[in-house]
Each structure stands twice: as structure tokens, then as C-alpha cells.
1. Give the residue, chosen from L343, L357, that is within 17 Å of S387 (Cβ to Cβ), without any contact (Cβ under 8 Å) to a residue 60 or more places away in the chain and open to solvent by less than 40 Å² (accessible area, probe 1.4 Å).
2. For the stretch 282-294, give me the residue count where each residue is of a type in the set (A, V, I, L, M, F, W, C) and under 14 Å from A40 (Cα atoms).
3. Looking only at residues in the stretch 171-180 that are under 25 Å from the mean Cα position of the chain (by Cα) and open to solvent by less than 10 Å² (accessible area, probe 1.4 Å), which one is farthest from A132 (Cα to Cα)?
4. Kindly check whether there is at least one residue in the stretch 387-408 that is farther than 29 Å from G433 by Cβ and not polar (S, T, N, Q).
5. For L230, work out the one condition from (1) in contact with a Ser or Thr (Cβ under 6 Å, 6 or more places away or on another chain); (2) outside any loop (DSSP other than H, G, I, E, B) it doesn't fulfil.
6. Please specify each residue of the stretch 183-218 satisfying the condition of being more than 21 Å from G139 (Cβ to Cβ) and part of a loop (DSSP other than H, G, I, E, B).
Amino acid sequence: MNGPLVVVGDALLDRDIDGDAGRLTPDAPAPVVDVTAEHARPGGAGLAARLADRAGAEVLLVTALGESAAAETVRAALAPEIGLAELPLDGELPVKTRVRAGGRPLVRFDRGGGTPGTAGPHVRRAIREAGAVLVADYGNGTARALRPLLAEAARRVPVVWDPHPRGGPPVRGVRLATPNGAEARRIIHRADPPGPAGALAGDLLRASLLARRWQAAAVAVTLGARGAVLSRGTENPLVLPSPFTAHGDPCGAGDCFAAVAAAALAAGALPEEAAGRAVLAAADFVARGGASDPALWSDAPAPEPGPHRDARALAEAVRARGGTVVATGGCFDLLHTGHVSLLEAARRLGDCLIVCLNSDASVRRLKGRGRPINPAADRARVLAGLSCVDAVVVFDEDGPQELLAGLRPHVWVKGGDYTVGTLPEAAVLRDWGGQAVVLPYVAGHSTTALAGRAARAAAVVADGAVGAEP
């Protein structure tokens, strides 16, 4: 990429007021929120620019901020990593305020708004010198004011267009357009085909029809927890399921998808590759707390996305947003239904599940010769593939106490015939107020029994081979 990734669109200020609601007002059936925290951060194109920056791109934001306290807050939050090329704004920067109780939105207040003015030479130069462009159109007029420049850019460099119902359609020739499922349905009035796969078939059809209508190289329709579908306007669209189930605040996930896809295209990826990376990044974004994740606005390097990401960073992010961190541990050598039942039950106890996995050397010391059957890398990969597992971390000691002291989970889960009093980890958890719990195993399932059955089956096969005719 010869120039920066230029993000063009409507910025705003997002505010979250968080608290607890345990009572109603005496004069109306309305909850009383006892405020515990308030946060303000860039939203809209400002959030998209930050996410593109975290994805590794050099970013310049073209937007209209105006002169207000909200505008100054946005400028300060974006500096110095993200450059600004501003249009004038007739009015005040929009401010969207969410009031949340227990992490769930109760009400949102919107105020402010204005009309972007004429682009000056610095804005025109920024778009003409872009190595790639991301249009984060929130329908407030920035993309409309710059449409001729954006159409020209689409003939030279990769352009990703994230549309909005109140905005215009993408300019002709964009490399990738990223409407969500609801937006695609508003534009393409086609009922889903009947049958269990009807919704997916409808999504695939709408992606193909939008690619043709917009004359886009590709269209990715984002589907929330279901991932995305991508089409180049042909009869062979691509399904991109989410690699793991993310539980968290989805606000801003569409911005994350578009930003990561734009950064990938700017680095030379194909639309299919870019959309695949974007699905993973959006799921990880939601799992970490969305735009509310404090790490998103820190100077720390962006963590690796997905269930293999740093477990300590995940635990810190979940704690920061008031969630419950759950951890469990073991060898998990031959994963069986008893393991899966335990892991699923453990995940339901909180907002993330971290599996502390014994290393190969640790398993050998605990289980003896011949174990583990599967190496740690393979065991971790299988565990990370479960939707109930959010992170896997390997430890070398006989027990996980040292690891737990770093993770500081709220809940530690073990299965089997233990009692809380006999768990050596219980004493460590008391140092920070954590709780150890024991969940029952599914009867009749164990790695030892499974290995024994496999060995007997192998012996039968070998006996049959020896006695077979040549």
C-alpha cells in the first residue's frame, strides 16, 4: 500500500453510563440506576478508524467534527495514532448516550447533529493519495458530500463501503461492501425460501443480488453470531461462519468487520481472505466487550484474536466490564462427552471460560508412561474448537496454582470425586475472593476407559490381520 488507509465517514461520541438497577422509582414503574461508571469514546467512523489502526494499518480519518466539547473528546482520544483531515460541520457532533444496568442497555439518548460542509484541499488530497479507503457511512452526510472523490478512488485503490439505511448506496466498483443482514433485507425484498436452510439461502441470494446491483467486486452480508456470507455476484457465494461463539456487547461489531477487512485488502488480501479475517476479528471484538473494552483505547499492542488469544488479557478485559471469569483445568488427553459436559456447564457459570491445560511433561508426571496420547498443541487446538471455550493456556507445573494467581478467576471449576475442601487450588483462590466449585462428571466416561477400549479394538484388528489369508 503506497498511502494510508483513509477512513471516510460520520464520527460521533459514544457515552456509556453503567450501574445497577435493583429498585423502581416511587412515582413510576421505572428502574433506578445507581451509577457506578461513565465512559466516553469515539463512535461511528471514529471507532472504525481506531479498529483499523489496531489491525495494523496506517490510518487517516476524514470526517466532520465541528467545535464542541464532544468534538474535543474525540480528537483527544484519536491522537496521536490517527491523523485527521476535517470537513467543517454546521451544527454539533452527535452524542449517543446509553444507560446500562448489569451490562444491559435500558435506554439511549441521542443529541446533536449537523451537516458537513465543503471539502477543503487537505481533504481532497487525503482521498486522492489514499492507498485504500474505508467508507463508514452513518447517514449523516460525510460520504454524500465526498461521493465524487470516492467514486474516483474506487477506480484506483481498494474501497470498502459499510452502508447505512439513511445513507446512499456504495459507489460503483467498490472492492467490498459490508451491509448487515437487516440492511440487506431492506434493500432486497425477497422472502427466504421455505425449509430449515431457508434463512441461509436467502442471505446468500441477497449477497449475490446486491453485488450485481451495486456493481461491487464483492459483497459480504454480516450476520452477527452466524458470521457472514460473501458473493462476487456469481452462483457460488461463500459462507463464513463465526469460528467461536462470542458472548458480549455487539455494539460496533459491524465497524470492526469493515475496518479489519479494509486493512486486509489494503495489505493485498483477496475479498474472501479479508472477510474471513474480519469474521474472526468481529467475534473476538464482541467477546472482549466490544467498544467498551478498555484495551481498545489503551497503548498496549492489539492481542491475537480467537480462542488462542492471551488468557490473562481476556480475564482482565472481562473483569474490567464487570463480568465473571471462570477457569477450569486438566489433562483433557482424549476429549470425551464427560469433558464436554463439564466444560459447557462451567461456561454457563460466567462470562468467559479459560481452560488451564497440563503440558506434556506435567501429564507424564501425573499419569505415567504412555501419556499423554495427544501432544499439548493438539489438545489445545481441540479444546479451542469448542464454542464454550474462550481461551486455552498450557502450564508445566503439576498444579495450576501459579497460573491461577496470574489469571485471578472468580470461579474455579473441577469435576469428579473432589470436594471443595480437598482442592489444593481453593486456598489460592481465597487470596482474591474467588470460589472453587465441583461439578459432577458424566458417569461411565474417562480417558483411561476410552484408551483401554481403543487398545482392545486395535488388538482385535491386529489379530484379524495376522489370521487373514495372504
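1. L343
2. 1
3. Only one residue tops the list, namely P179.
4. Within the stretch 387-408, not a single residue is farther than 29 Å from G433 by Cβ and not polar (S, T, N, Q).
5. The one condition L230 does not meet is (1).
6. R190, A191, D192, P193, P194, G195, P196, A197, Q215, A217, A218
Results for (1) among the β-branched types (V, I, T); (2) part of a helix (DSSP H, G or I); (3) open to solvent by 40 Å² or more (accessible area, probe 1.4 Å), shown as yes or no for each residue.
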site	(1), (2), (3)
G139	no, no, no
A220	no, no, no
E235	no, no, yes
V239	yes, no, yes
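Matching residues to (1) modelled with pLDDT of 90 or more; (2) open to solvent by less than 20 Å² (accessible area, probe 1.4 Å); (3) in a loop (DSSP other than H, G, I, E, B):
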site: A278; (1), (2), (3): yes, yes, no
site: A295; (1), (2), (3): no, no, no
site: P301; (1), (2), (3): no, no, yes
site: A327; (1), (2), (3): yes, yes, no
site: L366; (1), (2), (3): no, no, no
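The values are calculated or read from the model by the stated rules, or taken from the named source; none is laboratory data. This one's a predicted model, so the numbers in the text were calculated from it and none came from an experiment. Quick reminder, even Gly has a Cβ in these numbers, built from the backbone with ideal geometry, and neighbours come from all protein chains shown. Heavy atoms of the whole protein, side chains included, go into the accessibility calculation; ligands, DNA and RNA do not. Shrake-Rupley method; radii C 1.70, N 1.55, O 1.52, S 1.80 Å.
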